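Note sheet for the following structure.
Where a number appears in this text, it was derived from the coordinates with a stated rule and is not lab data. Bear in mind the structure is a predicted one, so any value in this text is a computation, not a measurement. Cβ placement follows ideal geometry from the backbone for every residue including glycine, while neighbour counts extend to all protein chains displayed.
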Amino acid sequence: MQSSKNKNVDTPDPFYRPSVPRQKTSAEIINEARNALRTLRTQRPLTPREYQRKLFGSASSQTPDDRPPSAFSLHASSFESSESRPISGARLSPLDHKPKLFSSPTKDQHSSTPFPKPPVDPLEVRKVSSARARLFRTTSWGSLPVENKERLNSEDPAMTDGLSKRSNENCLAELSTRSHIKDDGILLMYKECNMSEKQDFLKGSAAEPPLQLSGSDQIKKRGRAASCPSNADWDKSGNQEGLKDDSKLNESEEEENYWNVKILPILRQLESEDNIEKLCLACTSLQQALEEGHMLGKRFKRRTVLLKTLYKLVDIGSDPLCLKLAKIILAMKVSGKNMLSVCKLAFKICRNEKNDFLIQNDKLLDYLLEVLRIEDLQANNEALLYCMGAIKFISGNAALLNEMANKGAVEILLQLVKQINNIRENDTHFSSLGHLLVQLTATLRNLVDLRQSRCQFLCSDAISELCEVLEQRISDKDVCTNIARIFSKLSSYNDCCAALADCSRCYILFLALLNKHQKKQDLVVRIVFILGNLTAKNNQAREQFFKEKRSVSILTSLFQIYSEFDMNEKKRKHKAGEEKKTQKHPSEAEDVLIKLIRVLANLSIHPSIGAALAANHYIVALLVMVLEYRSLDDCEELVINATATLNSLSYYQVKNSAVQEKKLHIAELLLKLLMSSNMDGILEAVRVFGNLSQYHEICDFIVKRKIYKFMIALLDAKHQDVCFSACGVLLNLTVDKNKRAILKEEGGIRKLIDCLRDFGPTDWQLACLICKTLWNYSENITNAASCFGEEDINTLLMLLASLLDEEVALDYNFDNDLRDYHKMYWETEFKPVAEKLLSRLQKDNSPSFNLSP
């Protein structure tokens, strides 16, 4: 639009409503939304709520066979005894064979004497293995358990002595046989053990916590009797984790007293109590006592007994109790299968939405976040999966989500994302970590709703890391959809949108996703929504996207695909008699089309891109097709967006313009919008006519079809944007001398003057447009009064004089920025035109001249 001060005021040409683009002033940029080129808004795609909490929602692209289960059974047997070996409640049977021990074997004896063979019977093998393990523990880490000691003391002394001697002999022989040890020190220890009293042999720190419970009988009564350790209790390295921990630390007398006074009574209660509420209170007391005694973690000497007791309580199946148990077990720093089982336990608790209140009060979140922070990703990926699934579930609760953000969940999760990104596709864990990423990205999707989380995103290079995930996992539709949901939320906020727009790799990734997953509507609609946000206010983003290879062709391909989906769905509904008169929400195909059109409209703001799109016959044909086959009643937003995009493209008068080629057909299609009762649809149609009315064929069409009467009627709408657009059409009609008389019909002159009076002081652009229209109408008049009517001319003269008075016209109650903005438009746009019009009207025989458009 050329300014009025840029051309000779004496040129005879009339005013046109300008359409040829030029460099805009700052004020024009501010008012871009009111002019011919406008960006479009649309709603963010709706993510349906999953009412049933699962690892993978109903929309997951993976089959149940390809993913870990959300439902499973979990019992005490799910936990292994490697970290919680119980005290044996039964005496060991004596070994059937007696290996012969030599006090000082010679070389010949060593070479000729065969080693004892283990018994063949599996039961005996178990007994030997158990005895060997017990002896190995005893000789290396301390005495036998106190419970066994008590049982030995309660037996007949002779039997006890015999059992002790035979067991010691057999176990030591087995140890010698296994280790090929013929050391004099071992033999000496054996002799000392034989010669000393059994209480001296049993003296020392037990490797196993001595659970001296009178409640052992109650344990049996409740079916929780402890079992003997076996070879399965040993880890792959041949060592037992509990024993390794115990070997690092000898229990002090003070610790033993604390255990007996503080911990043991609670364990007795846990073994004997059947009331859930009392069990929960006992668990709370137990954790407090363990914390006060610094007995949490791996270095606690009696943790094996404690854990075994807790595992047995899982079978009760109470969520409040299991919540208490999970907290203590996690605090004990279990690992391996037990870490997986306790994470599954937490998962089952969090899966029930009714437990959210309990989870918040019991601070389970702290322990789950700690698991994510410290556990090894590759060694414990399945445990991390269920831990992350539990966190995802509770992130749907607003209170827990805020707590999560306050506890630094964003940083922990992003650190986990970085670790996963370092594992490449050829790694054996790559596929299973994709399941973990689904849970992780779903949780981040919830977190970005919070302002503090978005700030953390911007400060931690999260956008780049998530783009890295997209690049590595482009075939994983679930992961890509979750990240698209994250970006769609972020792009709705200006600072986050700007940060995403600055990530140059995102454009090519988005196009790759659209190309690979063309028919995945829930992913496509979000990617297109993001692109619409990126291109809404950022000219650099428009350029960056448009220059990517096949950017426009991918958009048009999607347009064609979803147009066909939409038409086929309409045909199906029509055939089945399912058509509705109105729809509250667009269908899936319509939603994609709405957001695709928005991207095209936003791209057209850029001068060179807009000109290229205006010449793209395929794009224009697709937009016209929307107007041909759809109505405002079918899908209002789709039709209005298509019309607005055609309006933007019609702004460009370029060679081979597809809009210009189809202008008469488009004008015909716009009539049904003008005849509707939808004001938004009417406004968009009038705007398109404002651009198309620069062509003589369209002006003739407007006059022939009496559309100008509709434009004059719209001046009474009392809506500034509607009046502005209608006045633009009338301005272009008055360029033709033969069409100026139409302003006398329907009271057009009076309505223009009323608009000037009503909107002039607050909208100097509209006031300028009205003055230009009256200038064109009054060209070559010989008598102003006869042209306007005496009453109208007097009103117009008084109104122009008033509006040209700066002190009267400008309201200085505005703030500084708004006052400067109004003053600039008043001085540069309105004042030059109004002064010339006033001067002409004051002279009956003024010469004909015109200001430039």
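Observations
- Here the simple spin-label model places points 7 Å from the Cα toward Cβ, and for Asn275 and Lys516 these points are separated by 5.9 nm.
- Approximating the spin labels as points 7 Å out from Cα along Cα→Cβ, the Glu628-to-Asn426 distance works out to 5.4 nm.
- By the beta-carbon count within 10 Å of each Cβ, the least crowded to most crowded order of Glu292, Glu668, fewest first, is Glu292, Glu668.
- Annotation for the stretch 563-645: GluC sites (Glu not before Pro) lying in DSSP loop with at most 15 further Cβ atoms inside 10 Å of their Cβ are Glu578, Glu579.
- Radius of gyration (Cα atoms) of the stretch 481-593, expressed as a multiple of 2.2 N^0.38 Å: 1.19.
- Note on Asp700 and Asp817: their simple-model spin labels are 4.9 nm apart, each label 7 Å out from Cα toward Cβ.
- Computed extension gain for Asn406 through Asp461, at 0.36 nm per residue and net of the alpha carbon distance, reaches 17.9 nm.
- Taken over the stretch 594-659, the convex hull of the Cα atoms encloses 64 Å³ per residue.
- Fewest neighbouring Cβ atoms within 10 Å first, the residues Thr535, Thr284, Thr443 line up as Thr284, Thr443, Thr535.
- Extension gain, Phe357 to Thr284, is 24.6 nm, computed as 0.36 nm per intervening residue step minus the present C-alpha separation.
- Residues Glu370, Glu697, sorted so that the one with the fewest Cβ neighbours within 10 Å comes first: Glu697, Glu370
- Cut-off 20 Å, label 7 Å out along Cα→Cβ of Asn738, residues of the stretch 697-711 by amide N: 697-709
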